[in-house]
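Visitor: The structure that follows is given in the form of C-alpha cells.
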Amino acid sequence: MSTLVLTLRRPAGRPGALGLGISTLWLSVIVLLPLAAVVVRSTDGGLQAFWDAATSRQAIAALRFTIGVSLVATLINVVTGTLIAWVLVRDRFRGKRLVNALIDLPFALPTIVAGLTLLALYGPTSPVGIDVAFTQFAVLLALLFVTLPFVIRSVQPVLMELDREMEEAALSLGASNLTVFGRIILPNLVPAILGGAALAFARAVGEFGSIVLISGNIPFDTQVASMFIFKQIESDNPIGAASISVVLLILSLLILFGIRALGRWGARHDR
Amino acid sequence: MTVDRPWRIGLRTVALGYLALLLIIPIGVVFYRTFEHGLGAVYDAVTTPAAISAFWLTITVTAIAVPLNTIFGILCALALARGRFRGKAILDTIIDIPFAVSPVVVGLALILVYGRGGWLGDLPFQVIFSVPGIVLATIFISVPFVVREVTPVLKEIGDDQEQAASTLGAGDWQTFWRITLPSIRWGVAYGVVLSVARCIGEFGAVSVVSGKVAGETETLTLLVEKRFQNFDIAGAYAASALLAFIALATLLAMTLINPRRDNE
C-alpha cells in the first residue's frame, strides 16, 4: 500500500511552486524589505553614530526598564496563567464558558482601548480611588492585560490531554495535593508554560498601544523602548530611532528562535 | 476532581479575582462611563464627521489587508504543509516575525523605505502620512494569522483525498476548490476573524505612518488617542466602546467557529 502511495505522489506541482513563489515575494516585500531598511539604515550616520544612539543614557534606561518590566509581567503570567488554565480545565462552576471566552478579549481588544480601560479604573478618575497612572506599576498593569492569554492558551490544551490516572494513583497512595501538582502535573506542563511565557515576553517587550496613555512616558522612569523610538521618530530622528530598533529587533528574533527551540524540545520530551 | 474542595474553591477565587480586577471590572467601568450620560451623547460622539471618516478608513484598510493576507495565508500554508523545499524552516520563522516585532518598529521601517530620503522615497504617489502607508502597516502586522490557523489543519487532514482527486483526473484548481478549500474553510474563517480584529485594532504601526490628519488619515484607534489627549474623555470612551463592541463580536465569532474548526 505504501509503495502505491509513493508512486502516486506527484513531485511538487505547478500550483505548489507558484504558491511558494508568491508567498516568498509577499513576505519579502511586506516584511523583509522594511526590516532590512531598519537594519541597514541604522548605520546611515556611520557606526559611531549608531553606537552613540543605541547606548545613550536614555536609550539604555528605556531598554533596561522594558526588559525588566516585561520579565516581571512574564513571571506573574507564569503563575496566574497556569492557575487560571488549571481552574478552567479542572474546576467546574457556573459561567465557566463565558470566562473561558473572555480570556481572549485582550487579543481582540485594540491596545489603545486596553490602555484607556485600565486608566478608567486605575487612573486619576478612578471610582475606587486607586490612581497608579504614570507609574512603573501602571506599565506593568498594561503589560499584564495584553499578555494575559498567552500562558493560559498554551497550558490549557496540554492540561486537558493530561492523563488523570497518574494523579489519582498518587493521591490514593497518600500524596498531598501539592505533591501531586509539583511532581506530576507541573513537569508535564513545563514546555507549555515556557512556550507561553516566551510569547508573552516577546509581546511585552514590543508593546506600545496599551502603554501610551497610562505610562506618561517619563524618561528614566516609565519610558519603555517602543515609546522612546516613537519620540525619536516624532523629533525627526529616524536614524537614531533605527539604532535602538535594531537592538529591539535582535531581542525579538532571539525570543522567536528560543520559542522554536523550545517547541522542538517540548515535542521530543512530550511523546 | 482530584483536588480537595477547599483548595478548589480557593484557587477558583484567586483566578476569578485576578481576571475580575485586570479584565472584567475595567471593561465594565468603561462601558458604564460611556453610557452614563445616555445613548444620545454616545450617538453624537460616534457620528461626528471625523468619527465617521475614521470608521470608514478603518473598514477600508481592513478590507484591503485581510483579503490579501488570506490569499497569501492559504498559499503559504499549502507550501508549508505540502511542499518539500529548502529553507522551509526559515520561511516558517519569518512568518512569525510580525508577532514579535514592536509595532513602532514596523512603522519606522516603512518610513525608512517609503519616507523622505527612503529607499523607495520617490514613488509617484505618497505612501507615508497617507493611506497607502496605513495599508502597508496593517498588512505587515496581520501577515501571520491565516497561515498559522490553516497550516495545522492542512497537516492534520493529510493529502490522501487530494491525491485521490488528482488520480481521478481532477486538475490542480479543481482539486483545490472541490477538496482542499472545503476542508480548511473553518480554519480560514478563524484566521480571517483574528486578522480582522487585529487590523481594526492596530494602533502603534499606524500611528507612526499616518500623520493623523483628521478626516483623511485618522483611523478609529488614532481617534481614541487624539480625543483623549484633547481632554474629550467622553468622546474617547464612545469611540472605545464602539471598538470594544467589535472586539466582543470577534470573541463571539471565535467561540462559534471554534467547535466547527475542531471537527474538521
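Visitor: Check whether at least one residue in the stretch B:126-138 is among the aromatic types (Phe, Trp, Tyr) and assigned to a helix (DSSP H, G or I), and report yes or no.
Guide: Here is the first cut: in the stretch B:126-138, the residues among the aromatic types (Phe, Trp, Tyr) are B:129.
Subset that is assigned to a helix (DSSP H, G or I): none.
Within the stretch B:126-138 (the criterion being among the aromatic types (Phe, Trp, Tyr) and assigned to a helix (DSSP H, G or I)), the answer is no, since none of the residues qualifies.
Visitor: For the stretch B:7-19, does any single residue satisfy the condition of being farther than 30 Å from A:ALA36 by Cβ, modelled with pLDDT under 90 and facing chain A (nearest Cβ under 10 Å)?
Guide: Yes, the stretch B:7-19 contains at least one residue that is farther than 30 Å from A:ALA36 by Cβ, modelled with pLDDT under 90 and facing chain A (nearest Cβ under 10 Å).
Visitor: Quick check on the stretch A:39-48. Is at least one of its residues more than 7 Å from every other protein chain (Cβ to nearest Cβ), assigned to a helix (DSSP H, G or I) and more than 23 Å from B:ALA100 (Cα to Cα)?
Guide: yes
Visitor: Scanning for something touching a residue at least 60 places away in the same chain (Cβ under 8 Å) and within 11 Å of chain B (Cβ to nearest Cβ), does the stretch A:68-77 turn up at least one residue?
Guide: yes
Visitor: Same structure again: With B:ASP232, B:ASP172 as the choices, which residue is surrounded by 14 or more Cβ atoms within 10 Å (Cβ to Cβ), over 20 Å from B:VAL29 (Cα atoms) and charged (D, E, K, R)?
Guide: Matching residue, one of B:ASP232, B:ASP172: B:ASP172.
Visitor: Could I ask something else about it? Consider only pairs whose beta carbons are under 8 Å apart and that are at least six residues apart or on different chains; among these, list those whose first residue lies in the stretch B:221-241 and is within 17 Å of B:TRP56 (Cβ to Cβ) and whose second residue is among the aromatic types (Phe, Trp, Tyr).
Guide: Listed by first residue and then by second, the contacts come to B:THR221/B:PHE203; B:LEU222/B:PHE203.
Visitor: Those residues that are in contact (Cβ under 8 Å) with a residue 24 or more places away in the chain and over 16 Å from B:VAL135 (Cβ atoms), I need them from the stretch B:56-84; list them, please.
Guide: Across the stretch B:56-84, the qualifying residues are B:GLY73, B:ILE74, B:CYS76, B:ALA77, B:LEU78, B:LEU80, B:ALA81, B:ARG82.
Visitor: Quick check: anything in the stretch A:260-269 buried (at least 18 other Cβ atoms within 10 Å of the Cβ) and either facing another protein chain (nearest Cβ under 10 Å) or at positive phi (or both)?
Guide: The answer is no; no qualifying residue exists.
Visitor: Considering only residues that are touching a helix residue (DSSP H, G or I) at 6+ places or on another chain (Cβ under 6 Å) and not in a helix (DSSP H, G or I), look in the stretch A:94-120 and name the one that is farthest from the other protein chains (Cβ to nearest Cβ).
Guide: My answer is A:ILE103.
Visitor: Any idea which of B:PHE129, B:PHE125 is more than 26 Å from the chain's Cα centre (by Cα), more than 11 Å from every other protein chain (Cβ to nearest Cβ) and either of a type in the set (A, V, I, L, M, F, W, C) or closer than 23 Å to A:SER23 by Cα (or both)?
Guide: Unique residue meeting the criteria: B:PHE125.
Visitor: How many residues are within 15 Å of B:SER142 (Cα to Cα) and facing another protein chain (nearest Cβ under 7 Å) if we restrict to the stretch B:57-92?
Guide: 2
Visitor: Let me ask another. Could you check the stretch A:216-239 and list, in sequence order, the residues that are crowded, with 24+ Cβ neighbours inside 10 Å and either small (Gly, Ala, Ser) or touching a strand residue (DSSP E or B) at 6+ places or on another chain (Cβ under 6 Å) (or both)?
Guide: The answer is A:ALA225, A:SER226.
Visitor: Mind telling me which of the residues B:VAL213, B:VAL192 ends up being of a type in the set (A, V, I, L, M, F, W, C), crowded, with 20+ Cβ neighbours inside 10 Å and assigned by TED's automatic domain parsing to the domain that holds B:ALA65?
Guide: Sole residue among the options that is of a type in the set (A, V, I, L, M, F, W, C), crowded, with 20+ Cβ neighbours inside 10 Å and assigned by TED's automatic domain parsing to the domain that holds B:ALA65: B:VAL192.
Visitor: Look at A:PHE208 and say whether it is in contact (Cβ under 8 Å) with a residue 40 or more places away in the chain, at positive phi and either out of contact with any Phe, Trp or Tyr (no Cβ under 6 Å at 6 or more places or on another chain) or at the interface with another protein chain (Cβ under 10 Å from one of its Cβ atoms) (or both). Don't jump to the end; show me each part of the working.
Guide: Numbers: in contact (Cβ under 8 Å) with a residue 40 or more places away in the chain: yes; at positive phi: no; either out of contact with any Phe, Trp or Tyr (no Cβ under 6 Å at 6 or more places or on another chain) or at the interface with another protein chain (Cβ under 10 Å from one of its Cβ atoms) (or both): yes.
Considered against the rule, which asks whether it is in contact (Cβ under 8 Å) with a residue 40 or more places away in the chain, at positive phi and either out of contact with any Phe, Trp or Tyr (no Cβ under 6 Å at 6 or more places or on another chain) or at the interface with another protein chain (Cβ under 10 Å from one of its Cβ atoms) (or both), A:PHE208 comes out as no.
Visitor: Follow-up. Given the condition facing chain A (nearest Cβ under 9 Å), aliphatic (A, V, I, L, M) and either within 21 Å of A:VAL31 (Cβ to Cβ) or buried (at least 18 other Cβ atoms within 10 Å of the Cβ) (or both), answer yes or no: does some residue in the stretch B:177-187 qualify? Lay out the reasoning, then the answer.
Guide: Quick first cut of the stretch B:177-187, residues facing chain A (nearest Cβ under 9 Å) only: none.
There is no residue in the stretch B:177-187 that is facing chain A (nearest Cβ under 9 Å), aliphatic (A, V, I, L, M) and either within 21 Å of A:VAL31 (Cβ to Cβ) or buried (at least 18 other Cβ atoms within 10 Å of the Cβ) (or both).
Visitor: How many residues are surrounded by fewer than 13 Cβ atoms within 10 Å (Cβ to Cβ) and either β-branched (Val, Ile, Thr) or at the interface with chain A (Cβ under 9 Å from one of its Cβ atoms) (or both) when one looks only at the stretch B:33-56?
Guide: Matching residues across the stretch B:33-56 total 2.
Visitor: Inspect the stretch B:170-177 for any residue being of a type in the set (D, E, K, R), without any contact (Cβ under 8 Å) to a residue 60 or more places away in the chain and assigned by TED's automatic domain parsing to the domain that holds B:VAL66 and give the result as yes or no.
Guide: Yes; the residues of the stretch B:170-177 include at least one that is of a type in the set (D, E, K, R), without any contact (Cβ under 8 Å) to a residue 60 or more places away in the chain and assigned by TED's automatic domain parsing to the domain that holds B:VAL66.
The values are calculated or read from the model by the stated rules, or taken from the named source; none is laboratory data. Quick caveat, the model's predicted, so the values are computed rather than measured. Quick reminder, even Gly has a Cβ in these numbers, built from the backbone with ideal geometry, and neighbours come from all protein chains shown.
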